[in-house]
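Participant: Can you keep this structure in mind? I'll have questions shortly.
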2 protein chains.
Amino acid sequence: MREVLAEAAFELFLERGYEQTTVDDIVARAGVGRRSFFRYFPSKEDAVFPDHERCLADMTQFLAAAEYAADPVAAVCDAARLVLRMYAADPEFSVQRYRLTREVPGLRTYELSVVRRYERTLAGYLHGRYAGRPDGVLRADVIAAAVVAAHNNALRSWLRSGGEGDAETAVDHALGLVLDVWGSATTTATTPTCDTAAATADDTSGGSAIGGGAQGDDDVVVLVTRRGTPMWRVVQRIEAALEPR
Amino acid sequence: MREVLAEAAFELFLERGYEQTTVDDIVARAGVGRRSFFRYFPSKEDAVFPDHERCLADMTQFLAAAEYAADPVAAVCDAARLVLRMYAADPEFSVQRYRLTREVPGLRTYELSVVRRYERTLAGYLHGRYAGRPDGVLRADVIAAAVVAAHNNALRSWLRSGGEGDAETAVDHALGLVLDVWGSATTTATTPTCDTAAATADDTSGGSAIGGGAQGDDDVVVLVTRRGTPMWRVVQRIEAALEPR
């Protein structure tokens, strides 16, 4: 029923314009009573963004499960990707809604509120992870805002292009800028130029290489990595190298 | 006249509550006609935030004059300080308004829109400064969001405290976190070198040793560790080595 109402609403918004469509028009198109609409949506705006509540709940659940993730910044980046996936699941609808939102000030304001709620959800997780750390709350707020801005930069480029190209790759790239800067292993964004010359492993794509000698606790493991490599990736590589072989 | 109206409005909001105060109440208190109100303010919300339009204009003007500032990130931090100064110029009013805004959803939404306009103003300046640079728009958007988040973290702490302490110092400290990470002092890195390929593995006590060459984005970090070293210690060492020196 919820989907039927959201679809009817969106059809009418595109046909007649958002302001010209009333809730009565929507329920007439959907073939239900007026009270059904307000059982599912608190307002007309909510029918335009029917999936954000579920996505916010998914994000909260994801972050609760990521309590002990190695890199808290990587965890919030992964959480932000849930939003992208929601948009990418239905490109045509997402692009049409983006265009509608550009035209209707009330929808832009609504969208701002939703974006703020995502940001507060990410910041809340980081508050917990940085608890007791000097400037923990400040750092959490700044990183959450940076993650949201990077995600939305890529998402909006994709929406503006009409849904062309691979949105996930674009968002990964954008979040990479934040991870490079704020991820636990790094100080600034990088464009690697020199090779990991002495690396004993043959991986040149990921930015780090690990070599190990004979097995045993006294073995020496040599990790060669660029300064810009995110900590989660370094840990991943070390863990792989240290696994019993 | 504008100030008389804003003061009358605010008095009434505090006395009766925001929702319970009509524009008619405000003009009656100010002793003017209804049309005068709408000559100065498009809506009741605008009367709560009478100075943002001027502050946005000041910010735009400031950034236009900062076109050739050495460090674009320092320039947007300075621009953000204009907002703080507006709040700090009248602590009592700012604190009362903050409390009112927390209670009235419509005012919170209005505030989000204003914050977004500041952010777009800062981002617009950075777009120009980073034009032609790879990921220039992405970088601009992320830095503008980080500056706004840092500024607002400090501003809101100060407002929550009832306007106690030195707001300027708090904002300086918060913006310092962004400047440290994004300011040109940290992004103009030294020439990348590959001369750290040989590990400086002289640490024999803790189980791991880290060597790094000149500071810069493309530095290679070499970690030598025994296979039995706990992961937390490896991460600790890497983090220490990667901290800005």
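The values are calculated or read from the model by the stated rules, or taken from the named source; none is laboratory data. These figures come from a predicted structure and were not determined experimentally. With ideal geometry, Cβ positions are generated from the backbone for all residues, glycine too; neighbour counts draw on all protein chains shown. These accessible areas exclude ligands, DNA and RNA; they are computed on the full protein's heavy atoms, side chains included. Shrake-Rupley method; radii C 1.70, N 1.55, O 1.52, S 1.80 Å.
Participant: Residue A:109 - would you say it is within 18 Å of residue A:46 (Cα to Cα) and either touching a Cys at 6+ places or on another chain (Cβ under 7 Å) or open to solvent by 10 Å² or more (accessible area, probe 1.4 Å) (or both)?
Facilitator: yes
Participant: Of the residues A:39, A:99, A:120, A:108, which single one is within 14 Å of another protein chain (Cβ to nearest Cβ) and either of a type in the set (Phe, Trp, Tyr) or without any contact (Cβ under 8 Å) to a residue 24 or more places away in the chain (or both)?
Facilitator: The conditions single out A:108.
Participant: Got a sec? Which of A:81, A:85, A:97 is open to solvent by 50 Å² or more (accessible area, probe 1.4 Å) and charged (D, E, K, R)?
Facilitator: A:85
Participant: Report, by residue number, each residue of the stretch B:125-142 that is within 15 Å of the chain's Cα centre (by Cα) and either in a loop (DSSP other than H, G, I, E, B) or more than 8 Å from chain A (Cβ to nearest Cβ) (or both).
Facilitator: Result: B:125, B:126, B:140.
Participant: Determine whether the stretch A:60-69 contains at least one residue that is modelled with pLDDT of 95 or more and open to solvent by less than 20 Å² (accessible area, probe 1.4 Å).
Facilitator: Within the stretch A:60-69 (the criterion being modelled with pLDDT of 95 or more and open to solvent by less than 20 Å² (accessible area, probe 1.4 Å)), the answer is yes, since at least one residue qualifies.
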